[in-house]
Amino acid sequence: MKKVVKFGGSSLASARQFKKVGDIIRSDKARRFVVPSAPGKRSDKDEKATDLLYQCYDAAAEGRSYKKILEKIQERYMEIIDGLDLNLNLDHEFAAIEENFLNKAGRDYAASRGEYLNGIIMAEYLGYEFIDAAEVIFFNEDGTFETEATNKELGERLAHVDKAVIPGFYGAKHDGTIKTFSRGGSDVTGSIVAKAIHADMYENWTDVSGFLVADPRIIKNPEVIETITYRELRELAYMGASVLHEDAIFPVRKEGIPINIRNTNKPDDKGTLIVESTCRKPNYTITGIAGKRGFCSINIEKAMMNAEVGFGRKVLEVFEKYGISFEHIPSGIDTMTVFVHQSEFEEFEQSVIAGIHRAVEPDFVELESDLALIAVVGRGMKATRGTAGRIFSALAHSRVNVKMIDQGSSELNIIIGVKNADFETAIKAIYDIFIMTEA
Ligand code: ASP
């Protein structure tokens with residue numbers, strides 16, 4: 001049994017957290033490959049090591065004073081080393097970092113030092129081998145991740161290693177330049193390592209006990225989702241539910257490796273298991289609810305639209321021309337509505353409307369702004385009758401006016417459009433009807 005275990009910044013923010021992580025790793029022999037993040041926040045007001053590194057680099061590269069920030073970073077690592085009673089001196093590492101900052105080694109290099117140093121400490125603390133991610137995770141010249149070369153190199157390198165620490169978040173281009181993934185990218189590294197070694201499980205340790213059925217800022221103490229499929233997760237993540245980096249799904253998904261989201265502060269909680277498919281019955285008809293505010297709709301009407309071949313394409317080409325991606329396109333016989341992100345649309349609003357007029361000569365075009373979309377997601381919906389009925393009667397009882405309904409052909413989700421102002425009320429109503437009444 002081989003497990004890749006990734007620990008997020010809050011799990012490694014202090015010596016105290018490191019000790020919890022050490023206990024977790026030692027309690028299971030399968031936890032052989034460890035991917036650490038950089039030290040995160042110890043409290044709400046604290047700063048992440050990654051953010052300090054960016055600040056420090058910017059100051060050094062622009063010729064401003066940077067020493068104080070560098071000292072602050074050094075102190076954070078010293079606190080961990082001392083708290084763990086390690087006999088480790090990072091002075092030469094910091095000297096190299098300072099020199100490279102002054103030589104403008106790049107912001108990615110700067111940020112990557114957070115996980116690099118934490119990886120060295122972690123390897124020392126556990127007695128595991130340290131493998132610099134720059135030697136095994138590769139990026140193309142254009143900055144995109146190089147899947148094949150990485151998979152081959154990592155696989156070969158780790159085949160002969162019993163236990164190792166591979167820092168998250170970064171890798172290198174072939175000329176040695178350090179490159180990072182986008183923020184939160186240690187999740188991606190964990191997934192890449194899990195794929196390369198054909199792990200049985202990718203454990204992603206964080207500070208929550210898994211994915212929640214709904215946003216805790218809207219629903220008080222929502223239930224934890226026990227098992228979720230990759231597809232369900234994509235739907236929820238797209239609509240704003242975040243715990244895991246979006247790109248972390250793809251490498252393991254292709255290999256059928258499950259991801260287990262776990263809580264470092266509550267290691268006995270089972271967390272959420274993310275799988276390709278499962279026979280396990282979900283606890284409720286729906287798996288989760290997520291949503292976003294800030295959409296607008298462009299409603300286009302034209303008599304006999306239904307007979308005009310190519311109408312939809314011509315309309316969408318106008319959006320394409322301005323680089324605006326559409327979210328949903330519900331249509332009627334003589335109407336077509338395009339939902340877009342308000343922030344993407346606003347700048348080009350008048351040009352898009354003019355473009356639509358030129359392209360398809362509609363009878364009229366109407367805009368509605370300040371809309372929210374809510375996704376109700378669940379593999380259980382396919383086999384259950386009346387899900388949509390329950391959603392809409394719950395919304396009607398809560399006096400929420402439904403502006404749009406879209407059930408994906410996968411029968412995995414129902415998307416509902418409401419006014420921004422009704423967003424929270426709608427989510428509460430849906431949560432109540434499925435979770436509270438089925439519990
Ligand atoms: N340390 C990086 C960040 O703060 C990457 C990570 O934590 O995954 O975004």
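The values are calculated or read from the model by the stated rules, or taken from the named source; none is laboratory data. The structure displayed is predicted, hence computed values, not measured ones. As a convention, Cβ positions derive from the backbone with ideal geometry for all residues, glycine included, and neighbour counts pool all protein chains shown. SASA here: full protein model, heavy atoms, side chains in, ligands and nucleic acids out. Shrake-Rupley method; radii C 1.70, N 1.55, O 1.52, S 1.80 Å.
Mean sequence separation of contacting Cα pairs (under 8 Å, at least six apart), scaled by the length of the chain, corresponds to a relative contact order of 13 percent. Given only helices, namely DSSP H runs of n ≥ 4 each adding -39500 (n - 2.57), what is the per-residue ellipticity at 222 nm of the chain, to the nearest 500 deg cm²/dmol? Result for the chain, helices only: -11000 deg cm²/dmol. The relative contact order of segment 303-377 comes to 30 percent, based on Cα pairs under 8 Å that sit 6 or more residues apart.
Which value, in nm² and rounded to one decimal, describes the direction-averaged projected area of the C-alpha convex hull of the chain?
Computing the convex hull of the Cα atoms and averaging its projections yields 24.4 nm².
Can you give the % of DSSP beta bridges in the chain that are antiparallel, to the nearest 5? Around 60 percent of the beta bridges assigned by DSSP in the chain are antiparallel ones.
Electrostatic bookkeeping for Lys428 treats Lys and Arg as +1 and Asp and Glu as -1; over the other residues with beta carbon under 13 Å from its beta carbon, the sum is -1. Restriction of the trypsin sites (Lys or Arg not before Pro) in segment 358-405 to DSSP coil positions whose beta-carbon has at most 13 other beta-carbons within 10 angstrom yields Lys382, Arg385, Arg399. Over the chain, with a Gaussian network built from C-alpha contacts below 10 Å, which listed residue (Ala196, Ala96, Ala307) shows the highest mean-square fluctuation? Of Ala196, Ala96, Ala307, the Gaussian network model singles out Ala307 as fluctuating most.
Note on Glu98 and Glu47: with the Förster distance fixed at 25 Å, the Cβ-Cβ geometry gives a FRET efficiency of about 0.85.
Relative contact order of segment 246-352, please, whole-number percent, based on alpha carbon pairs below 8 angstrom and at least 6 residues apart. Intermediate values should be presented prior to the final figure.
Working: 100 pairs, mean separation 23.3, N = 107.
Over segment 246-352, the number comes to 22 percent.
Carbon-plus-sulfur accessible fraction, segment 51-114 (probe radius 1.4 Å, protein heavy atoms only): 46%.
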